[in-house]
Amino acid sequence: MNVVSLMVPTLVFGLDLGSHPSDNCDAMPPSSISPAADDDAARVVHRRSPLISIDQLLFTYAQVERHAFSLKVDRLEIGNSEHVACIGPSGTGKTTLINLIAGILTPECGRITFDGTTISNLDDARRRALRISSIGLVFQEFELLEYVTALDNILLPYLISDTLRRTPDIRVRAARLAESMRISHVLHRRPKRLSQGERQRVAICRSMITEPKLIIADEPTGNLDPETADITLDLLFNEIRKRDATLLMVTHNHSVLDRFQRIIDMTELNATCSTPILNH
Amino acid sequence: MIGLLYLSLKHLLYHRVQTTILTLSIAVAMVLPAASKMLISRYQQNLTARADNTPLIAGAKGNRFELALTALYFRQSSLATISYSEYERARDKHPGVVVPLNCRFTARDYPIVGVGFEYFRERGLKPIDGTLPLQMGDVVLGKNVAEALQLRTGDALFSDQKEIYDISKPPALKMHITGVLGESRSADDDAVFVDIKTIWILEGIAHGHGDVKKIDNPKMLLGKTEETVVVSPAYIEYNEITPENIASYHIHGDSSTLPLTAFLVWPKDDKAATILKGDINLETDYQMVVPRAVIDDLMAVVFRIKTVFDTLSAVLAASTILLTILVILLNMRIRAREIETLHKIGCSRFAVGGLYVFELVAILAMSVALAALVTTVVSTVLPDLIRMV
């Protein structure tokens with residue numbers, strides 16, 4: 001763990017390591033070690049192990065209009081400081097995968113481990129606390145609050161959560177982030193008065209203000225023109241490299257794939273995607 | 001927590017028009033019942049206090065509410081008059097204080113109240129400047145009249161002329177202001193007081209003019225005998241009583257027929273009051289009323305109306321609550337995407353609920369503050385409002 005990641009607001013999650021329903025999914029092979037022992041082992045090992053580790057994951061959406069969707073991932077690991085792109089046609093489970101990794105969704109079966117903590121074992125409140133402190137999210141539609149300034153949007157995680165400790169340097173950190181993302185001059189404007197590129201850079205700053213280990217971006221350049229998209233990605237990658245953070249980005253834009261160290265193709269990863277349950 | 005409060009206030013400020021409308025709606029629903037309750041309560045206090053201070057009122061038969069309100073509040077009414085002799089009879093026959101009252105005229109739209117001197121003593125009215133009206137043509141002003149018309153002792157006040165184009169009617173009388181009464185927070189503050197004889201000049205029953213024996217113009221002289229001289233109505237009367245002409249003022253006819261609106265009685269004791277009521281109600285063709293009883297009957301009507309008003313207020317409050325709930329639900333729907341983003345970022349369910357709660361509490365707090373402010377203002381200006389009522 002490098003110096004930057006040591007500055008991340010740390011949380012001590014209760015070690016509720018009892019068996020979780022998802023650990024005992026019928027489709028999954030039983031664990032060879034007890035959950036507690038398993039977790040202890042993970043804690044010992046995780047310093048050198050991947051940041052994200054997925055084992056025997058199964059997730060199924062409820063049936064919607066005669067279609068059921070399920071995502072099955074036998075094994076996936078994403079290492080510390082790795083830059084990973086997630087590609088694949090619509091409906092292959094890209095967004096579902098990142099929502100599962102972020103703890104927004106919970107799997108039916110299997111195990112998702114983030115930085116040594118088994119996310120799939122945590123209750124909702126603890127998953128939220130983990131997310132707000134250790135995972136930064138960037139959305140395609142920016143999702144900024146229209147009624148506050150760009151600066152307040154950047155500081156949003158600290159405004160909505162008591163999990164994060166508010167220290168006097170937060171504003172300084174926000175200002176530095178804004179400077180590196182070249183939006184210092186718009187900090188006191190509301191999103192309505194920002195360009196698309198500026199909005200997305202504010203959203204990127206928001207995702208990084210807590211200095212998370214992982215940035216998850218869901219098609220962050222999908223709403224930007226190619227030139228702005230390039231500038232935004234340059235700034236994003238610079239900042240990620242500076243922080244030694246891990247990046248997992250969903251994208252449809254294959255021209256940006258050479259920026260990544262690894263590419264996950266969902267059509268190969270998930271064999272069970274988008275299964276119609278009735279024949280047309 | 002502070003962050004959530006900050007976001008809530010920012011959201012309210014950003015949507016300031018919607019916030020203002022919602023705040024006003026809730027404030028109105030709060031103010032109406034509170035203000036009406038206060039208004040009616042103060043109205044009742046004022047009415048009953050003045051009624052309690054006036055044990056008995058005698059006046060022409062007819063509407064007792066009209067008689068009581070005219071005699072207590074000097075309202076212009078179509079009430080028939082009673083004769084001065086009735087007052088004299090009551091005064092001479094019964095122990096206690098009997099005060100004649102005539103309030104059929106106005107000066108710059110304020111009632112001119114002709115009373116006996118005892119009226120001021122019984123009501124506890126004292127001039128803060130000058131003196132009470134000591135002679136015909138003198139007038140003392142209620143505090144509000146003096147302030148509204150910006151008049152003071154030594155100035156003059158003209159009576160309003162009822163018939164401008166009828167030259168047989170007396171002209172507007174120029175009255176001398178001899179004093180200004182202290183504040184009583186009653187109808188007395190909004191009236192001007194004169195001696196009862198001044199009223200008869202306004203009635204045209206008493207007047208003053210030059211020596212008719214010296215009239216040169218034959219058109220002004222309609223008839224003349226050794227004992228009487230009949231002059232034309234066009235013969236100019238004095239319109240101001242001065243030390244020089246006061247002696248010329250006189251009454252034509254029988255003084256016992258001089259008109260009064262009513263006379264007020266402060267009997268010596270309950271027994272005297274009972275005897276007086278029986279005497280007048282049984283043996284005369286006018287009526288005597290107990291103002292407190294009349295006002296209680298009047299308030300019973302007011303309270304019946306208030307019950308209806310309270311029901312309407314409750315309906316208004318219920319509809320406001322329902323509309324507020326609707327606004328909150330619509331707001332939640334509009335903000336669904338924002339809330340989803342907050343959830344995704346990691347905001348707790350409690351915090352998201354807190355955003356709504358803080359906003360609602362802030363709006364309610366502003367509504368309560370506004371309602372309290374309006375209610376305070378209403379209570380401050382209430383005496384004036386009651387005069388308007």
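Coupling constants for segment B:30-39 follow from the phi torsions by the Karplus curve (6.51 cos²θ - 1.76 cosθ + 1.60, θ = phi - 60°), and in residue order they are 7, 5, 3, x, 5, 5, 5, 5, 5, 4 Hz; glycine and proline get x.
Name the residues of segment A:158-179 whose accessible area falls by at least 40 Å² when all protein chains are present instead of the chain alone, probe 1.4 Å? Hits at the 40 Å² cut-off: A:159, A:160. Expressed as a whole percent, the accessible area of segment A:194-236 that falls on carbon and sulfur atoms is 42 (1.4 Å probe).
Pick from B:187, B:362, B:172: which residue has the top mean-square fluctuation in a GNM of chain B where Cα pairs under 10 Å get a spring? Looking only at B:187, B:362, B:172, the largest GNM fluctuation is found for B:362.
For residue A:94, the aspartates and glutamates whose Cα comes closer than 14 Å to its Cα, not counting residues fewer than 8 places off in the same chain, are A:218, A:219, A:265, A:268. Taking amide H as placed 1.01 Å from N in the peptide plane, residue A:217 has its amide H under 5 Å from the amide H of A:138, A:248, A:249, A:250, each at least 5 places away in sequence or on another chain. Accessible surface buried by the B/A pair amounts to about 2200 Å², both sides summed, 1.4 Å probe. Give me the lysines in straight-line cross-link reach of residue B:61: C-alpha distance below 19 Å, same-chain residues under 8 apart excluded. Leaving aside lysines fewer than 8 places away in the same chain, those within reach of residue B:61 are B:277.
Each Cα pair under 8 Å and six or more residues apart adds its separation to the average, and for chain B the resulting relative contact order is 28 percent. Residues of segment A:132-151 that lose at least 10 Å² of accessible area (1.4 Å probe, protein heavy atoms only) when the other protein chains are present, relative to their chain alone, are A:132, A:137, A:139, A:141, A:143, A:145, A:146, A:147, A:148.
A 1.4 Å probe run over the protein chains yields, for chain B, 52 Å² of accessible area per residue, whole-number rounding. Heavy-atom surface analysis with a 1.4 Å probe gives segment B:56-289 a carbon and sulfur content of 51 percent of its accessible area. Split the accessible area of segment A:71-124 by element, probe 1.4 Å, and carbon with sulfur accounts for 45%.
Considering only protein heavy atoms, what per residue accessible area in square angstrom results for segment A:143-280 with a 1.4 angstrom probe?
That works out to 45 Å² for each residue.
For chain B, modelled as a GNM whose springs connect Cα atoms under 10 angstrom apart, the maximal fluctuation among B:62, B:223, B:130 occurs at B:223.
Enumerate by residue number the GluC sites (Glu not before Pro) in segment A:146-215 meeting two conditions: DSSP loop (anything except H, G, I, E, B), and at most 16 other Cβ atoms within 10 Å of the site's Cβ.
Here the GluC sites (Glu not before Pro) that fit, given the DSSP loop and packing criteria, are A:146.
Do you know which residues of segment B:334-362 lose at least 20 square angstrom of accessible area in the protein assembly compared with their chain on its own, with a 1.4 angstrom probe? Residues passing the criterion (a loss of at least 20 Å², heavy atoms only) are B:337, B:338, B:341, B:342, B:343, B:344, B:345, B:346, B:347, B:349.
The alpha-carbon of residue B:37 sits under 18 angstrom from the alpha-carbons of these aspartates and glutamates, leaving out residues fewer than 8 places away in its chain: B:296, B:310, B:384. Along chain B, counting only chymotrypsin sites (Phe, Trp or Tyr not before Pro) with a DSSP assignment other than H, G, I, E or B and at most 14 other Cβ atoms inside a 10 Å radius, the longest segment between sites is B:166-389. Taking amide H atoms as placed 1.01 Å from N in the peptide plane, the amide H of residue B:107 lies under 5 Å from those of B:112, B:160, each 5 or more residues away in sequence or on another chain.
Note that segment A:211-221 has calculated 3J(HN,Hα) couplings of 6, x, 7, 10, 10, 10, 10, 9, 6, x, 10 Hz, one per residue in order, obtained from phi through the Karplus relation 6.51 cos²θ - 1.76 cosθ + 1.60 (θ = phi - 60°); glycine and proline are x. Listed values for segment A:118-125 are Karplus-derived 3J(HN,Hα) couplings in whole Hz (6.51 cos²θ - 1.76 cosθ + 1.60, θ = phi - 60°), namely 7, 4, 5, 8, 7, 6, 4, 4, and x replaces Gly and Pro. Proximity of backbone amide H atoms, modeled 1.01 Å from N, is registered between residue A:264 and A:85, A:86, A:87 at under 5 Å, excluding neighbours fewer than 5 places apart on the same chain.
The values are calculated or read from the model by the stated rules, or taken from the named source; none is laboratory data. Please read all numbers here as calculations on a predicted model, not as lab measurements. As a convention, Cβ positions derive from the backbone with ideal geometry for all residues, glycine included, and neighbour counts pool all protein chains shown. Calculation scope for accessible area: heavy atoms of the full protein, side chains included, ligands and nucleic acids excluded. Shrake-Rupley method; radii C 1.70, N 1.55, O 1.52, S 1.80 Å.
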